[in-house]
Amino acid sequence: MEPLLDEPDCPGDSPRPSPQAAAFELCQLVRSLVVADEASAIAALELAARAGGADAALFVWVIPDDDRCWYRSIAALDPEWSASALRRLHSGPCTWLAHAARSSEPLLVCPSLDKGEEGIERDDALDPPRAIWLIPAPPPRGSDVLGILMLAGKDEQQLDATSRLMPVYRALALGLTDWFRNELVQRAHLTDRDLDLLRYESLGHGSKRIASALNAEPKTIDCRFHRLNVRLGVANRRDAVRLCQRYGLL
């Protein structure tokens, strides 16, 4: 994917785009995610972070699964900061994720404050401490997946452009959520017929009843489920249903 924003070799080589120009470029980035591969999604995240003045960016998708969570993420600009942020999310109860679970409103966490708004922990646990915009991505209907976009800078002033462009960054967070969901569809080669099969299973229908509804043999239904389980990387059809439900596909 070709860069949509100018990237100076050194700070100060060229002025940052105007808010109007940056907003337009960010909207283009959000639209590009529809057909993006992983490298292009990371490039889009990097360009979007630079447009808002951030020097680190991380998008995390958290998939609850009984007593544990699965994490998927993409990061840009500062891998060390992103790794530290991910360790923080993995280490136990995290107020950042708690905020994303209860609110769709962006929240600024500042290192200069003892506590952020609503008791959100500051960034002193990460080295060096930074100001961070936490931008939740509301989950699809019927899904308990959490998405959160994090844009970090040395202080609130550095992230001033991010705050002014917040509506577009909220759209970017949603676009990245859709990208993760579509990535599963593409990776597992899911079709509408596959999802119909899983919907029948989610209703508690067995192979014979599904076969009758689809005018097929029960053996054929069993084979289709087996191939689908392999493509999704799950052990059985119930796990396949649960995974697709959590991704908001059913």
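The values are calculated or read from the model by the stated rules, or taken from the named source; none is laboratory data. If you're wondering where the values come from, they're calculated on a predicted model, not measured in any experiment. Because the Cβ atoms are built from the backbone with ideal geometry, glycine has one as well, and the counts that use them run over all protein chains shown.
For LEU146, the criteria (1) at pLDDT 85 or above; (2) in the same structural domain as VAL30 (by TED's automatic domain parsing); (3) buried (at least 20 other Cβ atoms within 10 Å of the Cβ) hold in every case but one, which is (1).
Listed by first and then second residue, the pairs linking a residue in region 152-174 that is surrounded by fewer than 16 Cβ atoms within 10 Å (Cβ to Cβ) to a residue that is hydroxyl-bearing (Ser, Thr, Tyr), with Cβ atoms under 8 Å apart and 6 or more places separating them unless they lie on different chains, are ASP155/SER112. For region 176-197, a residue qualifies if it is within 24 Å of the chain's Cα centre (by Cα), under 17 Å from ARG227 (Cα atoms) and among the hydrophobic types (A, V, I, L, M, F, W, C), and the qualifying residues are LEU184, VAL185, ALA188, LEU190, LEU195.
I'd like to check something: does region 185-195 contain any residue that is surrounded by 19 or more Cβ atoms within 10 Å (Cβ to Cβ), within 30 Å of ALA75 (Cβ to Cβ) and touching a strand residue (DSSP E or B) at 6+ places or on another chain (Cβ under 7 Å)? No, region 185-195 contains no residue that is surrounded by 19 or more Cβ atoms within 10 Å (Cβ to Cβ), within 30 Å of ALA75 (Cβ to Cβ) and touching a strand residue (DSSP E or B) at 6+ places or on another chain (Cβ under 7 Å). Of GLY153, GLY206, all but one fail to be in contact with a Leu (Cβ under 6 Å, 6 or more places away or on another chain) and at pLDDT 90 or above; the exception is GLY153. Looking at region 178-203 only, could you name the residues that are under 14 Å from ALA240 (Cβ atoms) and of a type in the set (S, T, N, Q)? Selection gives THR191, SER202.
Let's see how each residue does on (1) outside the structural domain of ILE74 (by TED's automatic domain parsing); (2) in contact with a His (Cβ under 9 Å, 6 or more places away or on another chain):
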{"position": "LEU134", "(1), (2)": "no, yes"}
{"position": "VAL168", "(1), (2)": "no, no"}
{"position": "ARG181", "(1), (2)": "no, no"}
{"position": "GLY204", "(1), (2)": "yes, no"}
{"position": "VAL234", "(1), (2)": "yes, no"}
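Scanning region 199-207 turns up no residue that is buried (at least 16 other Cβ atoms within 10 Å of the Cβ) and of a type in the set (A, V, I, L, M, F, W, C).
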